[in-house]
Amino acid sequence: MINLTLCSFSIYVVPSSLETSRKDGSLEYPFSTIEQARDYLRTIIRLSYRRVALYPTYHFIKNHTLIFDERDHLTIYTTMTHEERNKIQLLRKNSLIELDFPIISGGIRLTNWINNKGIWNIIVPSSLPAVTQLFVNGHRAIRSRLPETGYFTYEKGLDNRTHLAYQGFIYRENQFNNITLSSTSITEFIIYHSLTTSRHYFSKIYSQNRTIIFSNPCLSVIGNTSISKQSGQRFHLENVHEGMLIQEGSYYFDSETQILYYHPRKNESLQTTIIILPIFETIISIMNVHQMEWNSIGIEHSAWMMSIINRSIPIDGRAAADYLDKSIVTVYLRNSSEIKFNNIKIAHTAGYAIQIDRQCKQITIENSRMYDLGAGGVRIGIGTKNENEYQELIENIIIRNCTLYDGGHLFPMGVGILVQRATMNILITQNTFYQFFYTAIQIGWSWSYDESSCYNHTISYNYIHHIGQYLLSDLAGIYTCGLLNGTLITNNVLHDIYGYFLLDWGLYLADGTSQLMITNTIVYNTGSAAFTMIYGFNNTFQNNILARSSNESDGALSLYRRESPNHLSFTFRHNIIYDNVNESGRWIFQVQAPDPFSAPFVIMDYNCYFNIYGNMMIFGLGRLVFSEWQETNHDINSYITDPLFIHAESQCNFFNVSINSPAVKNLGFKPIKQLFQWKPGC
């Protein structure tokens, strides 16, 4: 961290509409925009850091993304000190909205609203093709929707032998009778699949056979019967005029007239309400920069526009947030090094908060918050395999002591931190994640044994809770896939992972996950197994606690073996499995394999199993009772016994074990230190 007080040179930025011929960046004559400060510094030869201090108010960027390149090294962007603020002329400060710290905004403030019978309206610039987000008094306004809460369900998909199966469905009788649909409007149909959603624009409706067709297709069949339980055949509508009329705090945009309507809440007035409309998809771009720091600054109000301009392309949640070479992202980095973000806030975004792309090295994000996100928090790596991956390597990235929460508002499949291909030495530590609809941390982007270029990562001391929120399926607290040589997951706590329909795991080792170590991690309160693995080799699961997984048929740990090679899938030792399901014959270790004679190769021993009701537990592919399971050379030295958690009867405490615990005395379990972020409660 650079000591800001030691910077030998500071310039100042105070937004102002005052036109003066003299602007030199001093406290007496500060620059009006960040662009002016940046351009001024480009004229100076720098051998040491220069400090740009921003007044704590909104800094709306002008005309285009705020771009930094090789001319912008050795710069610190930060907030003014109290002493510096007091030296700014009152005339410059009078019209400003005073904030706790400066906010760089990718939006515009909308004023001059007209109140028409309780509904406010305003004409927005014709350059904007849509309004997909609006922020009122620092909060995300509701994009008018139907139904107001919950979902509609469609009857079934179309014939999957035709392309129309990707572009429509059969709706239920009278479903759209009181809803205005037009091919010229931008009313959107949001369709739920298993692990993602897709967005569609209305094209045609055929009332005689209750068929609706969209102008843009989905990436997969709509109404796929193999995932009908996970999807629920759910959908809802957004940007609906009828929805805005009945819902306070919601807005509707008429693309034909360019009029934006807002239904205010009872406590909102035209005189005091601050309404900001995002207009830039990327707010800050940092490319080819060496040594830069951002400290005590907010970055807010990024937009989503590009898919709306072309209403014929697929808008799948994964395509919009993950697969594209450049995400919808608020802050973008590429080919840059020694970039530090400290005590920053990124909020009110359309996609990911930060993307760290090719050839970035030594990027640090710490002591920061990312919330109210359109998709996820931080995306690191590239999403497509190519022969130049090791020349484009992203390495030595640190994300530490950050809080990431409230994601997935536009693209529910957004991940808190997503680590993809061409990545090495990523440290994700001491962070808190909550209120994501899909997954908190995902490591890997190769669902096979092929080269993954994703190695030597450490995921440690993170607190992950309330993930899934009953919206999507096939999700997890931590999700991994592919070869992950040298990757360690240790000392994390995960709880309350619940999806829409099953497939909601704590730790999810998906296809190809291999060479991974998981240790000293606690997982409890999950809809499906606390730990599950699809296939992989040489994974180690040691000194962990799995507790209170759901009473569905998934058990406490599960292995879905979809391949036949006879190699070691995982080693499972010195763990505690604490089961609270009152069901005799519970399949505590569930195995599914290609055939009943292909039991997987696993090493399991020195584990402590316990059901609080004393019910019988069964194990493995053969559904064996414990004594039979031990005869197969598994868990020979393991016990079924109470691990003696302290205050276990409350079910709301941390999983501290008594010094007399048999897991400690006889099975080699080492007590796990309580995370400083952890909060008590069920």
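The values are calculated or read from the model by the stated rules, or taken from the named source; none is laboratory data. As the structure is a computational prediction, the values presented were derived from the model and not from experiment. Here the Cβ is made from the backbone with ideal geometry for all residues, glycine too, and neighbour counts use every protein chain on show.
Look through region 600-612, keep the residues that are surrounded by fewer than 19 Cβ atoms within 10 Å (Cβ to Cβ) and within 17 Å of Asn539 (Cβ to Cβ), and return whichever of them is modelled with the highest pLDDT. Break it down into steps so the answer makes sense when it comes.
Initially, region 600-612 is screened for residues surrounded by fewer than 19 Cβ atoms within 10 Å (Cβ to Cβ), giving 601, 603, 605, 612.
With the extra rule that they be within 17 Å of Asn539 (Cβ to Cβ), the set shrinks to 601, 603, 605.
On the way: Phe601: 88, Ile603: 94, Asp605: 97.
So the residue we want is Asp605.
Which one of Leu507, Leu503 is in contact with a helix residue (DSSP H, G or I) (Cβ under 7 Å, 6 or more places away or on another chain) and over 16 Å from Gly414 (Cα atoms)?
Values: Leu507 fails: in contact with a helix residue (DSSP H, G or I) (Cβ under 7 Å, 6 or more places away or on another chain).
When all the criteria are applied, what remains is Leu503.
Can you find, within region 277-292, the residue that is surrounded by the fewest Cβ atoms within 10 Å (Cβ to Cβ) among those that are part of a strand (DSSP E or B) and more than 24 Å from the chain's Cα centre (by Cα)? Can you show your working first?
To start, the set of residues in region 277-292 that are part of a strand (DSSP E or B) comprises 277-278, 284-287, 290-292.
Within this subset, residues satisfying the condition of being more than 24 Å from the chain's Cα centre (by Cα) are 290-292.
On the way: His290: 15, Gln291: 18, Met292: 21.
Among those that are part of a strand (DSSP E or B) and more than 24 Å from the chain's Cα centre (by Cα), it is His290.
Just the residues that are among the aliphatic types (A, V, I, L, M) and either touching a helix residue (DSSP H, G or I) at 6+ places or on another chain (Cβ under 8 Å) or in a strand (DSSP E or B) (or both), please, taken from region 231-276. Walk me through it before giving the result.
Going residue by residue through region 231-276, those that are among the aliphatic types (A, V, I, L, M) are 237, 240, 244-246, 259-260, 270, 274-276.
Answer for region 231-276, where residues must be among the aliphatic types (A, V, I, L, M) and either touching a helix residue (DSSP H, G or I) at 6+ places or on another chain (Cβ under 8 Å) or in a strand (DSSP E or B) (or both): Leu237, Ile259, Leu260, Ile275, Ile276.
Looking only at region 417-435, which residues are closer than 10 Å to Tyr455 by Cβ and of a type outside the set (A, V, I, L, M, F, W, C)?
Residues satisfying the conditions are Thr423, Asn425.
Answer with yes or no whether Ile274 is surrounded by 21 or more Cβ atoms within 10 Å (Cβ to Cβ) and within 21 Å of Leu373 (Cβ to Cβ).
Values: surrounded by 21 or more Cβ atoms within 10 Å (Cβ to Cβ): no; within 21 Å of Leu373 (Cβ to Cβ): yes.
So Ile274 fails the test.
Can you confirm whether region 75-89 contains a residue that is at pLDDT 95 or above, within 26 Å of Thr282 (Cα to Cα) and loosely packed, with under 13 Cβ neighbours inside 10 Å?
The answer is no, given that none of the residues of region 75-89 is at pLDDT 95 or above, within 26 Å of Thr282 (Cα to Cα) and loosely packed, with under 13 Cβ neighbours inside 10 Å.
In region 564-586, how many are surrounded by fewer than 19 Cβ atoms within 10 Å (Cβ to Cβ) and free of Cβ contacts under 8 Å to residues at least 40 places away in the same chain?
Going residue by residue through region 564-586, those that are surrounded by fewer than 19 Cβ atoms within 10 Å (Cβ to Cβ) are 564-568, 571, 580, 582-585.
Add one more test, that the residue is free of Cβ contacts under 8 Å to residues at least 40 places away in the same chain, and what stays is 564-568, 571, 582-585.
Of the residues in that region, 10 qualify.
Return the residue satisfying two criteria in turn: it lies in region 399-434 and is farther than 18 Å from Tyr463 by Cβ and small (Gly, Ala, Ser), and of such residues it is surrounded by the fewest Cβ atoms within 10 Å (Cβ to Cβ). Give the derivation first.
From region 399-434, those farther than 18 Å from Tyr463 by Cβ are 408-414, 418-426; that's our starting set.
Add one more test, that the residue is small (Gly, Ala, Ser), and what stays is 408, 414, 422.
Values: Gly408: 24, Gly414: 31, Ala422: 26.
In this case the residue turns out to be Gly408.
State whether the residues of region 445-458 include one that is surrounded by fewer than 24 Cβ atoms within 10 Å (Cβ to Cβ), among the small types (Gly, Ala, Ser) and closer than 27 Å to Glu281 by Cα.
No: zero hits.
Where residues in region 479-503 are at pLDDT 95 or above and hydrophobic (A, V, I, L, M, F, W, C), which of them is farthest from Gln435 (Cα to Cα)?
Leu483
When the residues of region 455-501 are filtered to those that are part of a loop (DSSP other than H, G, I, E, B) and among the hydrophobic types (A, V, I, L, M, F, W, C), which remaining residue is farthest from the chain's Cα centre (by Cα)? Spell out the reasoning first.
First pass over region 455-501, keeping only residues part of a loop (DSSP other than H, G, I, E, B): 456-457, 461-462, 468-474, 481-482, 491-492, 498-501.
From what is left, the residues that are among the hydrophobic types (A, V, I, L, M, F, W, C) are 471-472, 481, 501.
Numbers: Leu471: 14, Leu472: 13, Cys481: 17, Phe501: 20 Å.
Checking each candidate, the answer is Phe501.
How about region 622-635: which of its residues are within 19 Å of Ile603 (Cβ to Cβ), surrounded by fewer than 17 Cβ atoms within 10 Å (Cβ to Cβ) and touching a residue at least 12 places away in the same chain (Cβ under 8 Å)?
Of everything in region 622-635, those that are within 19 Å of Ile603 (Cβ to Cβ), surrounded by fewer than 17 Cβ atoms within 10 Å (Cβ to Cβ) and touching a residue at least 12 places away in the same chain (Cβ under 8 Å) turn out to be Gly622, Thr632.
Can you pull out the residues in region 379-421 that are farther than 21 Å from Asn343 by Cβ, touching a Phe, Trp or Tyr at 6+ places or on another chain (Cβ under 7 Å) and not in a strand (DSSP E or B)?
Once the filter is applied, which keeps residues that are farther than 21 Å from Asn343 by Cβ, touching a Phe, Trp or Tyr at 6+ places or on another chain (Cβ under 7 Å) and not in a strand (DSSP E or B), region 379-421 yields Gly381, Gly383, Gly408, Leu410, Pro412, Met413, Gly414, Gln420.
Across region 167-196, what is the number of residues that are at pLDDT 95 or above and under 27 Å from Met305 (Cα atoms)?
The total comes to 7.
Report yes if Ile308 is modelled with pLDDT under 95, in a loop (DSSP other than H, G, I, E, B) and on the phi < 0 side of the Ramachandran plot, otherwise no.
On the way: modelled with pLDDT under 95: yes; in a loop (DSSP other than H, G, I, E, B): no; on the phi < 0 side of the Ramachandran plot: yes.
No.
Answer yes or no: is there a residue in region 636-652 that is under 20 Å from Thr519 (Cα atoms), without any contact (Cβ under 8 Å) to a residue 40 or more places away in the chain and either charged (D, E, K, R) or in a helix (DSSP H, G or I) (or both).
Within region 636-652, none of the residues are under 20 Å from Thr519 (Cα atoms), without any contact (Cβ under 8 Å) to a residue 40 or more places away in the chain and either charged (D, E, K, R) or in a helix (DSSP H, G or I) (or both).
Looking only at region 94-102, decide whether some residue is assigned to a loop (DSSP other than H, G, I, E, B), of a type in the set (S, T, N, Q) and under 30 Å from Arg42 (Cβ atoms). Full working, then the answer.
To start, the set of residues in region 94-102 that are assigned to a loop (DSSP other than H, G, I, E, B) comprises 94-102.
Right, trim to of a type in the set (S, T, N, Q) and you get 94-95.
With under 30 Å from Arg42 (Cβ atoms) added as a condition, the list becomes 95.
Checked against the condition, which is being assigned to a loop (DSSP other than H, G, I, E, B), of a type in the set (S, T, N, Q) and under 30 Å from Arg42 (Cβ atoms), region 94-102 yields at least one hit.
Restricting attention to region 211-218, does a residue exist that is assigned to a loop (DSSP other than H, G, I, E, B) and either within 20 Å of Phe437 (Cβ to Cβ) or free of Cβ contacts under 8 Å to residues at least 40 places away in the same chain (or both)? Give the derivation first.
Going residue by residue through region 211-218, those that are assigned to a loop (DSSP other than H, G, I, E, B) are 215-218.
Filter again for either within 20 Å of Phe437 (Cβ to Cβ) or free of Cβ contacts under 8 Å to residues at least 40 places away in the same chain (or both), leaving 218.
Yes: one or more hits.
Would you be able to tell me the number of residues in region 511-520 that are surrounded by 22 or more Cβ atoms within 10 Å (Cβ to Cβ) and either in contact (Cβ under 8 Å) with a residue 60 or more places away in the chain or in contact with a helix residue (DSSP H, G or I) (Cβ under 8 Å, 6 or more places away or on another chain) (or both)? Spell out how you get there, then give the answer.
At the first step, the residues of region 511-520 found to be surrounded by 22 or more Cβ atoms within 10 Å (Cβ to Cβ) are 512-514, 516, 518.
Of the ones still in play, those that are also either in contact (Cβ under 8 Å) with a residue 60 or more places away in the chain or in contact with a helix residue (DSSP H, G or I) (Cβ under 8 Å, 6 or more places away or on another chain) (or both) are 512-514.
Going through region 511-520 one residue at a time, the tally reaches 3.
Of everything in region 630-660, what is more than 17 Å from Gln542 (Cβ to Cβ) and in contact with a Pro (Cβ under 8 Å, 6 or more places away or on another chain)? Give them in sequence order.
Thr641, Asp642, Leu644, Cys652, Asn653, Phe654, Asn656
Quick one: is Gly536 under 24 Å from Asn425 (Cα atoms), under 20 Å from the mean Cα position of the chain (by Cα) and not charged (D, E, K, R)? Before the answer, list the steps.
Numbers: under 24 Å from Asn425 (Cα atoms): yes; under 20 Å from the mean Cα position of the chain (by Cα): no; not charged (D, E, K, R): yes.
For Gly536, the condition - under 24 Å from Asn425 (Cα atoms), under 20 Å from the mean Cα position of the chain (by Cα) and not charged (D, E, K, R) - is not met.
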